[in-house]
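Report on one structure; see the data block that follows.
Throughout, read-outs are computed from the coordinates displayed, never taken from laboratory work. Everything numeric here is computed off the predicted structure, so don't read it as measured data. Backbone-built Cβ (ideal geometry, glycine too); neighbour counts: all protein chains shown.
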Amino acid sequence: MALKVEVYQKEKVRPSSPTPQTLRYHKLSLLDVLAGPFYGPHVLFYPSGAGPRRHDYDELKESLSKALSILYPLAGRLKDGSIIECNDEGADFVRANVTNYNLGEFLWHPKMEDLRQLLPLDPYPDAIDPAMPMLAVQVTRFRCGGTAVAFCTWHGVTDGGGMTGLYNILAGINRGEGPTDSAGGLVVDVAAMFSPAISSISQIMLTAYAGTKKELRKYTTKRIVFSKQDIERIRNQYSQSEHHRRPSRVEALSAFLWAAVIRATLPVNPILKAHWLSHIVNFRKKLNPPLPSQCLGNILHGTYAEWEVGGGEPVTGRSLVGRVVEAMNKFTSDYLMREMQAEGGFLKSVRARRSKISDYNKGEIKVLSISSLCKIPFGEVDFGWGKPIWIGIPQTFVDLALFVDTENGGVELWIGLEHEVMCNLDKDTEFQSYVSFAHVLYESSCCLRSAL
């Protein structure tokens, strides 16, 4: 049965106090601009009666107004591609009802197209409109009284860490506790370290993502859960390798997944000569001085590991974990100072990586990107309604994997692969022996759209 979402109100929420003229313009860094011209979407689900307070949407709207006074760039508008004009235009606030599902029924096997209907806007706009908000929130009530709170935050303003800062400030205000002491330091100037010294880069990125949307027609997205016990089994196996320390659960699971994806890809793309694993690293705490863990901005960088086809090496997680660990170990504070914070260093590294990829003929290299949200406290966002029972991430997954903590210490994997590759992964007995739950979120026959 198709989900029926009826939007009944849409309004602007402005900051409760005006942004000072001295803070009128917030500069985006090169990392912000390269993050992509789209919104980061998250949907948090709350059952009715789970917390001490009822789901009061008027109260949440007032709390959002107060939060925007603290995180003021989110109430601004994009100007010239690399500046947020903090003009207090406000965030979108949308109210809707689901008329044909209770929350428990919906969460049994949610689909990507249904999650998208809970969003306040299309997270992947076809054009950059200077009037579009940096933040939009939709509250959707299910028949049972449960609520979905959906956020679309412009990715050029912040990454997952910064989005969590927004959610927790908003939740704290709504609980009546007010913002944390560190809230005033959550708007930082990263542009001074990573200058966006490329003209028209937003349009370049928009063109690139338009191509990604076309590619989506060939992809399947799945949600796969690994239990804490099975992740520990993988870590224990890999700790017996040539490396001295036991790999972290993210390192071990990354190697395990990468090896399985390579095995699934080889029969589909026999002309490939190399596989790369890109792992996105949050480096807020590696800077000198370090930045707040939930500050705004895209404080991220990709580390790369490489495996070449035909080297005679077996494709197993145990054989690849050393490459993953080595790549991530390189990302130290010394590396940041030498390669990234030096004049033009980050841009040079991006261009060098693209140059290396271009050394291969078209279609001869495949990159799998992994981003980990583990230890980022999405699951702690309590508006006074209790903690969310699940978090949906209805973004586009094209050769992309996302790790999210589960409540019992496991990891939930969201991954998008080409249809044939995903079919091969489903047949991989080694991979499947560690999977405790899986279901398809998206196939190309579906139409992804928001309710608006």
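Considering only segment 5-185, what is the antiparallel percent among its DSSP beta bridges, to the nearest 5?
85
Run down the aspartates and glutamates and flag those whose C-alpha is under 18 Å from the C-alpha of Lys12, throwing out any fewer than 8 positions away in its chain.
Within the straight-line cut-off, Lys12 pairs with Asp56, Asp58, Glu59, Glu62, Glu85, Asp88, Glu89, Asp92, Asp122, Asp129.
Whole angstrom only: what separates the Cα centroid of segment 1-47 from the Cα centroid of segment 268-324?
29
Going by how many other Cβ atoms sit within 10 Å of their own, how do Phe283, Phe142 line up, fewest first?
Going from least to most buried by this count: Phe283, Phe142.
Using 22 Å as the Cα-Cα cut-off, could you pick out the over-long pairs in Lys27/Lys330; Lys228/Lys375; Lys4/Lys111?
Among Lys27/Lys330; Lys228/Lys375; Lys4/Lys111, the Cα-Cα distance tops 22 Å for Lys27/Lys330.
Between the helical axis of 317-329 and the dominant principal axis of the chain, each derived from Cα atoms, what acute angle in degrees is found, rounded to the nearest 10?
Roughly 60 degrees between the two axes.
How many nm separate the modelled label positions at Glu59 and Asn100, each set 7 Å beyond the Cα in the direction of the Cβ?
Result for the modelled spin labels: 3.3 nm.
Go ahead and run the numbers for FRET between Lys218 and Thr22, Cβ-Cβ distance against an R0 of 51 Å, rounding to 0.05.
0.55
Express in nm, to one decimal, how much length is gained between Asp428 and Lys273 on full extension, taking 0.36 nm for each residue of separation and deducting their alpha carbon distance.
Stretched fully, the Asp428-Lys273 segment lengthens by 53.6 nm.
Please report, to two decimal places, log10 I(q)/I(0) for segment 5-185 at q = 0.16 Å⁻¹ as given by the Debye formula with identical point scatterers on the Cα atoms and no solvent.
Computed log10 I(q)/I(0) values: -0.98.
Could I have the simple spin-label model distance between Val440 and Lys375, label points 7 Å from Cα toward Cβ, reported in nm to one decimal?
Once both label points are built, they end up 3.6 nm from each other.
Let me check I've understood the local charge: for Val381, count other residues with C-beta under 15 angstrom from its C-beta, Lys and Arg +1, Asp and Glu -1. What total comes out?
Result for the neighbourhood of Val381: -1.
Find the centroid of the Cα atoms in segment 372-436 and in segment 51-130, then give the distance between the two in whole Å.
If you average the Cα positions of each part, the centres end up 22 Å apart.
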